[in-house]
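See structure below.
The values are calculated or read from the model by the stated rules, or taken from the named source; none is laboratory data. Predicted, not measured: the structure shown is a model, and the values here were computed from it. All Cβ positions, even for glycine, are placed from backbone atoms using ideal geometry, and neighbour counts span all protein chains on display.
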Amino acid sequence: MKLQLPAHINPKAKTSVYIDAANMFYTHKTLRYKVDFQKLYMYLGTFFSVREIKYYTGYNPRLGRQLKFLAKLESLGYKIIRKPVKRISVGKKTIEKANVDVELAVDAIREKALYENMILLSGDSDFSYLVKVLQEEGKKVVVFSSRGHISKELADLSDYLVNFERLENELAL
């Protein structure tokens, strides 16, 4: 699918990409396909002047498969921002948690002088305030997400919304 960007988004302008891995994990669960991250990297570079792609994730240092996946992403050119998962006891249950939304938002603000377009791969409404602040600074925000994982607030705020369901031919593993 060729992106039909609105005229106010300049694809030749410097673009930074921020990926919320947790949101991508849940997106993968509902898509009919798995996203091939090498194809994603190339796809984004086809339509935008990408300066950097960052992948924000919690990780378990004991999960070799996960570490291998992150190493592969790094070899493809992704910059990995990782936080070890914490084990939290809730009653008789233990849950693992590692939220990196704050890291993503802080980086996007700190780096705002380095880009004109921000691409956010997430549907999380927690990023709505970030999008508003960046737009007040004149940044254009393109959001990639999927049905069932995109908040109304984020969909309404984005300068352009790309639905992963429409990208199967381009991004399927």
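Considering only residues in the range 59-109 that are surrounded by fewer than 16 Cβ atoms within 10 Å (Cβ to Cβ) and hydroxyl-bearing (Ser, Thr, Tyr), the one that is farthest from residue 124 (Cα to Cα) turns out to be 75.
Filtering the range 139-173 to residues that are crowded, with 16+ Cβ neighbours inside 10 Å and of a type in the set (A, V, I, L, M) leaves 141, 142, 143, 150, 154, 157, 161, 162, 167, 171. The set of residues in the range 116-173 being of a type in the set (Val, Ile, Thr) and more than 14 Å from the chain's Cα centre (by Cα) consists of 133 alone.
Which of the residues spanning the range 1-29 are closer than 24 Å to residue 147 by Cβ, touching a residue at least 60 places away in the same chain (Cβ under 8 Å) and assigned to a loop (DSSP other than H, G, I, E, B)? Lay out the reasoning, then the answer.
Just the residues of the range 1-29 that are closer than 24 Å to residue 147 by Cβ, to begin with: 1-6, 9, 17-29.
Narrowing the set further to residues that are touching a residue at least 60 places away in the same chain (Cβ under 8 Å) leaves 1, 3, 5-6, 9, 17-24, 26-27.
1, 3, 5, 6, 9, listed by residue number.
Listed by position, the strands (runs of 3 or more DSSP E) contained in the range 30-94 that have at least 1 residues being modelled with pLDDT of 95 or more and under 25 Å from residue 148 (Cβ atoms) are 49-59.
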